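A.B. asks: First the structure, which I've put down as structure tokens, then a few questions once you've had a look.
Values quoted throughout were computed directly from the atomic coordinates according to the rules given, and no laboratory measurement underlies them. A quick note: this is a predicted structure, and the numbers were derived from the prediction, not measured. Methodologically, a virtual Cβ is constructed for each residue, glycine included, from the backbone with ideal geometry; neighbour enumeration extends over all protein chains shown.
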Amino acid sequence: MTESGAVLQKSSEAVGTRRGIVVLDFGGQYTQLIARRIREQEVFSAILPCTAGIDEVRKYEPAGLVLSGGPSSVYEKDAPVCDPRMLDLGVPVLGICYGMQWLTYNLGGRVERADRREYGRAQLELERSSALFAGLPGTLKIWNSHGDHVVDLPEGFHVIGRTDNAVAAVENPHRKVFGVEFHPEVQHTDHGAEILRNFIFEICGAEKNWNRAGFIAGTVAAIRRQAEGARAICALSGGVDSAVAAALVARAIGDRLTNVFVDTGLLRWNEFADTLDLLRGRLGLKVIGVDASERFLGKLQGVTDPEKKRKIIGNEFIQVFAEEARKLTQTASGGLPVRFLVQGTLYPDVIESVSVKGPSAVIKSHHNVGGLPADMPFSLIEPLRDLFKDEVRGIGRELGLPEEILVKHPFPGPGLAVRVLGEASRDRLETLRVADAVVVEEIRRAGIYEKVWQAFAVLLPVRSVGVMGDGRTYGDTIAVRVVESIDAMTADWYRLPVDVLERISTRIVNEVPGVNRVVYDISSKPPSTIEWE
Ligand code: XMP
């Protein structure tokens, strides 16, 4: 367990996290979605790796267990497994896809390779009633994604329903163990939410114990206990995640939290001053603003390779932050030591199915401050590790954070440097900053800002010929990128109305010196990415 994992466990002792549902992760692409669907029912859910110890699961005093799907076959040599005693905890269990295969195989049933992989939509025909499907029609459209399927059931089990191709739902009502071959958590499954609701409430008897206020109260209490007699620091990025994390910690330990906000010279139009005002004025956070733009821009001089740019910025950020942290620690002589580092890590940042490899697997250090020098003895406080961005926005709203911060589009750590293709010189950054401000202003004016994931400008390393007035120009090109997305793993380009495109284009060419051409990026992710570098 990482130290942050320990923090998570501490917070799980707090109100609202008992008698929820524990999801054991076998590496499925929808594991996060299962947990989220449970929380949407106002029931707490935590995801643990399938390798979690039985005591770790017991700490949550779960009302039920869900075994997630996963890409493996139960017969593979390194197929993920969980402690078989999980099936004897005395709480109901629902195995989904691989989770169903694992539990039937484990209890003495037989699993077999299917003739063909069932992927996508299928029809489920129920052949007997079950508490899991109570109140639902006898035929349901479901979403499948599996290769193997169950052929022989363990003792005490019977089939509840089938698709053309496979046994699709089984149960042992006596033991309250259920399995479904399909994915009730995805929206393409008819009545998926009801199936999960039946499991959570009717079968497990879970109570509604999860809401924003409860999460805040529980987390604040846990942080307060954990950080007793110590101070903490937080690197703010100006975005929603770090702001919400800081606000939570500030609520717990008041001005024993100091925030650091670094101006890298790569921020958007007026972003440094505006964000400082918001955080200090409206939120009352203690924030040290560090203008380090000279340092960053100096180091970036002459560098055009995207990866080099990212590395330079990452390293410089760590140095600036470490210097500020040291200063703070030194001023603590006689006072309280700085022992904690607050990060706004979200669930999608934490794992990409890494957890199935077990607690020893390295969790990718996604954040800018992930690589702090070893002589800085901080433990992590990551109060948002279980949550998705929209859940974080909800928590922020409950905490009273200004809407300007909550609805702000995500912004990459390396800032505008990855949107100025080629060298991120002072001049080119300024060109991009002005163009970007136009894009954002017009997107807001059209009422689109809050509907899309991101909207921004990119300055291309391409010049082209134009004509302005009576003269020939040879100017820069701005690409406009507007995307829709749920979690940034995939994204689609936004169909902007032509009048908005027209206004953006006209304004950029008229208002941004040196730019004579505007193009609109119509690529989706995959195969493109959202950012250009
Ligand atoms: P891509 O370009 O990979 O980006 O499709 C996915 C999402 O992540 C953001 N992004 C970053 N965020 N540090 C961050 O905190 C980074 O280095 C970084 N690079 C990309 C990007 O803006 C998009 O929302």
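A.B. asks: Going by average Cβ density within 10 Å per residue, which order do the peptides 390-401, 284-295 take, highest to lowest? Can you show the working numbers first?
C.D. replies: Values: 390-401: 17.5, 284-295: 15.8.
Order by mean packing, descending: 390-401, 284-295.
A.B. asks: So how strong a dipole does the stretch 212-406 carry about its Cα centre when Lys and Arg Cβ are +1 and Asp and Glu Cβ are -1, to the nearest 20 debye?
C.D. replies: Numbers: 25 positive and 24 negative charges, 91 e Å.
For this selection, approximately 440 debye.
A.B. asks: Given H placed on each backbone N at 1.01 Å, which residues far from Val515 in sequence or on other chains put an amide H within less than 5 Å of it?
C.D. replies: Asp476
A.B. asks: Let me ask another. With a 10 Å Cβ neighbour count serving as the proxy for reagent exposure, in which order, fewest first, do Val150, Val66 appear?
C.D. replies: Details: Val150 26, Val66 30.
Ascending Cβ contact count within 10 Å gives the list Val150, Val66.
A.B. asks: Quick one: compute the contact order of the chain, relative version, from alpha carbon pairs under 8 angstrom and 6+ residues apart, as a percent. Could you put the intermediate results ahead of the total?
C.D. replies: Values: 1079 pairs, mean separation 66.2, N = 533.
With pairs under 8 Å counted, the relative contact order is 12 percent.
A.B. asks: Helix-only estimate, please: 222 nm mean residue ellipticity of the chain, summing -39500 (n - 2.57) across DSSP H runs of length 4 or more and dividing by its residues, to the nearest 500. Mind dumping the intermediate values first?
C.D. replies: Numbers: 15 runs with 162 residues, N = 533.
Mean residue ellipticity, 222 nm, calculated: -9000 deg cm²/dmol.
A.B. asks: To the nearest 20 debye, what is the magnitude of the charge dipole of the chain about its Cα centre, counting +1 on the Cβ of each Lys and Arg and -1 on the Cβ of each Asp and Glu? Don't skip to the answer; put the middle values down first.
C.D. replies: Numbers: 63 positive and 70 negative charges, 173 e Å.
It comes to approximately 820 debye.
A.B. asks: Turning to a different aspect of this structure: Given H placed on each backbone N at 1.01 Å, which residues far from Val420 in sequence or on other chains put an amide H within less than 5 Å of it?
C.D. replies: Amide H neighbours of Val420: Leu459.
A.B. asks: Please list, or write none, the lysines whose alpha carbon is within less than 16 Å of the alpha carbon of Lys59, excluding same-chain residues fewer than 8 places away.
C.D. replies: Lys10
A.B. asks: Here's another thing I want to ask about it. Over the stretch 212-406, what relative contact order in percent results from Cα pairs under 8 Å that are six or more residues apart? Before the final figure, lay out each step's value.
C.D. replies: Details: 273 pairs, mean separation 56.9, N = 195.
Dividing the mean separation by the residue count of the stretch 212-406 yields 29 percent.
A.B. asks: Where a Cα-Cα gap under 17 Å defines reach, which lysines qualify for Lys389, not counting those fewer than 8 residues away within the same chain?
C.D. replies: Cross-link targets: Lys408, Lys451.
A.B. asks: Sorting check: for 301-314, 130-143, which peptide has the highest mean count of neighbouring beta carbons within 10 Å, and how do the rest follow? The partial results should precede the final answer.
C.D. replies: Numbers: 301-314: 14.5, 130-143: 17.1.
Highest-to-lowest ranking by the protection proxy: 130-143, 301-314.
A.B. asks: I've got another one for you. Could you tell me how many degrees, from 0 to 90 and to the nearest 10, lie between the Cα long axis of helix 306-330 and the main elongation axis, the longest principal axis, of the Cα atoms of the chain?
C.D. replies: For helix 306-330, the angle is close to 90 degrees.
A.B. asks: Calculate how steeply helix 426-445 sits against the longest principal axis of the alpha-carbon atoms of the chain, using the helix alpha-carbon long axis, and give the answer as 0 to 90 degrees to the nearest 10.
C.D. replies: 60
A.B. asks: How many angstrom lie between the C-alpha centres of the stretch 488-533 and the stretch 82-156?
C.D. replies: So the two Cα centres are separated by 46 Å.
A.B. asks: Looking at the chain, send over the antiparallel percent of its DSSP beta bridges, to the nearest 5. Don't skip to the end; give the middle numbers.
C.D. replies: Working: 38 of 77 bridges.
Beta bridges within the chain, antiparallel portion: roughly 50 percent.
A.B. asks: In whole Hz, with x marking every Gly and Pro, tabulate ³J(HN,Hα) for the stretch 341-349 from phi via Karplus 6.51 cos²θ - 1.76 cosθ + 1.60, θ = phi - 60°.
C.D. replies: For the stretch 341-349, the Karplus-derived couplings read 10, 9, 10, x, 4, 9, 4, x, 6 Hz, x marking Gly and Pro.
A.B. asks: Quick one: compute the contact order of the stretch 419-520, relative version, from alpha carbon pairs under 8 angstrom and 6+ residues apart, as a percent.
C.D. replies: In percent, rounded to a whole number, it is 28.
A.B. asks: Of Val167, Gly229, Ala245, which is farthest on the positive side of the dipole of the chain, counting Cα position, with +1 on Lys and Arg Cβ, -1 on Asp and Glu Cβ, and the Cα centre as origin?
C.D. replies: Checking the options against the dipole of the chain, the answer is Gly229.
A.B. asks: Using Cβ-Cβ distances only, list the Cys residues of the chain with no partner cysteine under 4.7 Å, sorted by number.
C.D. replies: Cys97, Cys204, Cys234, each lacking another Cys Cβ under 4.7 Å.
A.B. asks: Can you divide the C-alpha Rg of the chain by 2.2 N^0.38 Å and report the result to two decimal places?
C.D. replies: Values: Rg = 25.9 Å, N = 533, 2.2 N^0.38 = 23.9 Å.
My calculation over the Cα atoms of the chain gives 1.08.
A.B. asks: For the chain, take the longest principal axis of its alpha carbons; what is the angle in degrees between that and the long axis of helix 240-253, to the nearest 10 within 0 to 90?
C.D. replies: 80
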